[in-house]
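Asks: My questions will all concern the structure given below.
The values are calculated or read from the model by the stated rules, or taken from the named source; none is laboratory data. Bear in mind that the values here come from a model prediction, so they are computed numbers and not experimental data. Glycine also receives a Cβ, built like all others from the backbone with ideal geometry; neighbour counts cover every protein chain displayed. Note: accessible area is taken over every heavy atom of the protein model, side chains too, but ligands, DNA and RNA are not part of it. Shrake-Rupley method; radii C 1.70, N 1.55, O 1.52, S 1.80 Å.
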Amino acid sequence: MWNYSEKVFDHFMNPRNVGEVDHADGIGEVGSMACGDALRLSFRLDADGRIAEARFQTFGCGSAIASSSVLTEMVRGKTLEEAARITNEDIAAELDGLPREKMHCSVMGREALEAAMVDYFRKQGRDVPCGLLQQSTLLCHCFQVTKETVRDAILTHRLAEIEDVTNFTKAGGGCTDCHHDLGDLLRDCWEKLAAADAAATAPPAPAGGLVELAPLAPRPEVAHAPADAGVVARIRAVLDDEVVPALGADGGGIELVRYEHGRVYVRLTGACAACRKSDATIKGIVEEKLREFVADSLQVVEVNH
């Protein structure tokens, strides 16, 4: 059973901006109804070149509807350059996270937006501004997923198996003809990740005049109620066994601050502390793991002290 946020339920049950914009400036279609997921997104610009209206039509699951709905709200009032910077992770974060198996729905939203912007520039008879859109190469023809989308998902989420790629992007979930290309892309990406990891863990070059700092004092242990001892122990075990290795791969870490009344207060450390995607980390990794292995009612709250 997947856990969905309240925002996902809200946008699924009460989707915003359903339909198609009259006299749209740009229309983008991705996916295939024959394969189970399809999205059509249209937008209209105002006199200042900002997106005044965006609407969608989709054939897909609740996550696809929620992702499309929230995206039409996110782009409103933005220029095309600003809208182009919205990532699929931003869409998922705006929904307070999506199950790992449904991340491809946010990818579909991002790709539909990109296709609509391409359509706009073609209608204008203009070249797409350099750097505004990615150069795309179709990899999975069943679900119209580009090679660039798959590469970005592998590198960002450190996906290791074709099944993981399918969960995030839906590539490879149809006829499987692209599995050989997916395997090659996974090997290529992991060579790059291994090289980056080796560079990150290399000892720093010696520099004169530097003073080695004393280690930080350990955080004082919070006294939990005896009745909570069991759940706190399970939370610590899940953080140590499931979460810390995942965050550590990106140079980050996590500390349990305290547990109170079904809420787990944590502090992100290392590279994760300054990451702008910390909300996605908290909801998509930490809370998901704790709900899977401890209790599905747990809520994780990030604190900075």
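Asks: Filter segment 97-136 down to the residues that are at pLDDT 80 or above and over 19 Å from A153 (Cα atoms) and list them by number. Spell out the reasoning first.
Replies: Residues of segment 97-136 at pLDDT 80 or above: 97-99, 102-125.
Listed by number, the residues that qualify are A116, M117, V118, D119, Y120, F121, R122, K123, Q124, G125.
Asks: Going through L186, L239 one at a time, which residue ends up being at pLDDT 80 or above, out of contact with any Gly (no Cβ under 9 Å at 6 or more places or on another chain) and over 20 Å from R263 (Cβ atoms)?
Replies: Working: L239 fails: over 20 Å from R263 (Cβ atoms).
Step by step, each of L186, L239 is checked, and only L186 is at pLDDT 80 or above, out of contact with any Gly (no Cβ under 9 Å at 6 or more places or on another chain) and over 20 Å from R263 (Cβ atoms).
Asks: I need a count of the residues in segment 53-68 that are in contact with a strand residue (DSSP E or B) (Cβ under 7 Å, 6 or more places away or on another chain) and open to solvent by less than 10 Å² (accessible area, probe 1.4 Å).
Replies: Qualifying residue count, segment 53-68: 4.
Asks: Assess whether R16 counts as being outside any strand (DSSP E or B), open to solvent by 30 Å² or more (accessible area, probe 1.4 Å) and of a type outside the set (S, T, N, Q).
Replies: Judged against the criteria, R16 is a match.
Asks: What is the number of the single condition among (1) part of a loop (DSSP other than H, G, I, E, B); (2) open to solvent by less than 30 Å² (accessible area, probe 1.4 Å) that G77 does not meet?
Replies: With respect to (1) part of a loop (DSSP other than H, G, I, E, B); (2) open to solvent by less than 30 Å² (accessible area, probe 1.4 Å), G77 is out only on (2).
Asks: Considering only residues that are modelled with pLDDT of 80 or more and open to solvent by less than 30 Å² (accessible area, probe 1.4 Å), look in segment 270-293 and name the one that is nearest to H224 (Cα to Cα).
Replies: My answer is L290.
Asks: Would segment 25-40 turn up any residue that is more than 23 Å from Y120 (Cα to Cα), open to solvent by 70 Å² or more (accessible area, probe 1.4 Å) and touching a residue at least 60 places away in the same chain (Cβ under 8 Å)?
Replies: no
Residues are listed down the side, and each one gets a yes or a no for (1) in a loop (DSSP other than H, G, I, E, B); (2) closer than 24 Å to G174 by Cβ; (3) over 15 Å from the mean Cα position of the chain (by Cα):
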{"position": "A24", "(1), (2), (3)": "yes, no, yes"}
{"position": "I27", "(1), (2), (3)": "no, no, yes"}
{"position": "T72", "(1), (2), (3)": "no, no, yes"}
{"position": "I91", "(1), (2), (3)": "no, yes, no"}
{"position": "G97", "(1), (2), (3)": "yes, no, no"}
{"position": "C105", "(1), (2), (3)": "no, yes, no"}
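Asks: May I pose another question? Being hydroxyl-bearing (S, T, Y) and open to solvent by less than 20 Å² (accessible area, probe 1.4 Å) is the filter here; which residues of segment 98-126 pass it?
Replies: Answer for segment 98-126, where residues must be hydroxyl-bearing (S, T, Y) and open to solvent by less than 20 Å² (accessible area, probe 1.4 Å): just S106.
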